[in-house]
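For reference, the structure discussed in these notes is given below.
The values are calculated or read from the model by the stated rules, or taken from the named source; none is laboratory data. Model, not experiment: these values are computed from the prediction. Positions of Cβ are generated from backbone atoms using ideal geometry, with glycine treated the same way; all protein chains shown enter the neighbour counts. Heads up: the accessible areas ignore ligands, DNA and RNA and are worked out on the full protein's heavy atoms, side chains in. Shrake-Rupley method; radii C 1.70, N 1.55, O 1.52, S 1.80 Å.
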Amino acid sequence: MDLDVVNMFVIAGGTLAIPILAFVASFLLWPSALIRIYYWYWRRTLGMQVRYVQHEDYQFCYSSRGRPGHKPSILMLHGFSAHKDMWLSVVKFLPKNLHLVCVDMPGHEGTTRSSLDDLSIDGQVKRIRQFVECLKLNKKPFHLVGTSMGGHVAGVYAAYYPSDVSSLCLVCPAGLQYSSDNQFVQRLKELRDSAAVEKIPLIPSTPEEMSEMLQLCSYVRFKVPQQILQGLVDVRIPHNNFYRKLFLEIVNEKSRYSLHQNMDKIKVPTQIIWGKQDQVLDVSGADMLAKSIANCQVELLENCGHSVVMERPRKTAKLIIDFLASVHNTDNNKKLD
């Protein structure tokens, strides 16, 4: 074999070895860094740009794609202890001609965290209104999507600011008052009564607790490597004190049933998406909302838990697209009449 060819293979082998070794080292030694790289890669691949906007001394972090057009912009609100990137799995299946905005909720990820901030549902609704006004997103009514805690905030937002919102999608929203508690809520009440707030199942501190949380939130049993579980925990641990404070705020009497108390004020076309096997928030909440919201469409997903966005991203995207199309076409027909 010619020496030049040998050198070429050596150089090529070395070039490939460096990223492979870096990946293995990151996976074994710095799994949290690998998770951040993963989100960066998918944002870049999907064309989502991270941006910041200020309201007085408060900073909002968000990612966006596209520009406002004749179709409504879509604002997406994530759940408790998550961040804007949780929507990437759904964004992947949404048309690129839609204007998408995914914001970090108050105190989460790149959005300001202040000890003086009002973390109640009403407080979060007011913060999201500030964000909307900073972006002038309500110059034209937009489609609002929220899941879990984000669904709670989205529903109350639609009730408080009806002229801002053209339509609404609530995915397994919190904030409803059930006639009886499910197993998860009973467990939370036991923890509250024993003052064991460090044991809240949605705030894991070890890989084992992270695995238990994933099983609680998902019907699909993901096989997650130990290193990734460790990485997920490492990313969260610095924020766990904030998550505990936030959790206690949104389950207290002021906030716990805010959506329930305001659902009859929601007048925009509304879509409810819920996993039938949700162990966190009972699926019967969908029927509750449907009976109180006049123009409401319910979609229940088989073999799906609380993490609808992660478990069924393609289906979620399709449901949102179809719902928007039906609302948009109805509006056009009304204009023609």
#### Entry: Cα coordinate range in segment 173-239, projected on the principal axes (Å, largest first)
40, 28, 18
### Query
Over all Cα pairs of segment 111-170, how is the pair count split among 5 Å bins, expressed in % and running from 0 up to the last occupied bin?
5, 18, 30, 26, 14, 6, 1
### Average accessible area per residue (Å²) across segment 239-337 - probe 1.4 Å, nucleic acids and ligands excluded
51
## Note on the structure
The percentage of the accessible area of the chain (probe 1.4 Å, all protein chains present) made up of carbon and sulfur atoms, to the nearest whole number, is 55
### Query
Which whole number of Å³ per residue matches the convex hull of the alpha-carbon atoms in segment 87-195?
151
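Over the chain, what is the relative contact order in whole percent, taking alpha-carbon pairs under 8 Å and six or more residues apart?
About 18 percent, as a whole number.
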### Query
Given the Cα-Cα distance of GLU190 and LYS276 and 0.36 nm per residue of separation, how much length would full extension add, in nm?
28.5 nm
### Message
Starting from the Kirkwood Rh over alpha-carbon pairs, what translational D in µm² s⁻¹ does the chain have by Stokes-Einstein at 37 °C and 0.692 mPa s?
### Response
155
### Query
What order, most packed first, do the peptides 78-90, 310-322 have when packing is the mean number of other Cβ atoms within 10 Å of each residue?
78-90, 310-322
### Long-range HN-HN contacts of GLN297 with modeled amide H, under 5 Å
THR270, GLN271, ILE272
## Note on the structure
One quarter of the C-alpha convex hull surface, i.e. the mean projected area of segment 252-331 in nm², amounts to 5.9
#### Entry: Per residue value of the accessible surface for segment 99-216 (all protein chains in place, 1.4 Å probe), Å²
39
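Once every DSSP H run of n ≥ 4 in the chain is given -39500 (n - 2.57) and the sum is divided by its residues, what mean residue ellipticity at 222 nm do you get, rounded to the nearest 500 deg cm²/dmol?
Numbers: 13 runs with 159 residues, N = 337.
Calculated mean residue ellipticity at 222 nm is -14500 deg cm²/dmol.
Ranked highest first by the average count of other Cβ atoms within 10 Å around their residues, in what order do 146-157, 105-116 fall?
Per-residue Cβ counts within 10 Å, averaged per peptide and sorted highest first, yield 146-157, 105-116.
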### Backbone HN-Hα couplings from phi across segment 228-234 [Karplus 6.51/-1.76/1.60, Hz, Gly and Pro as x]
5, 4, 4, x, 4, 5, 4
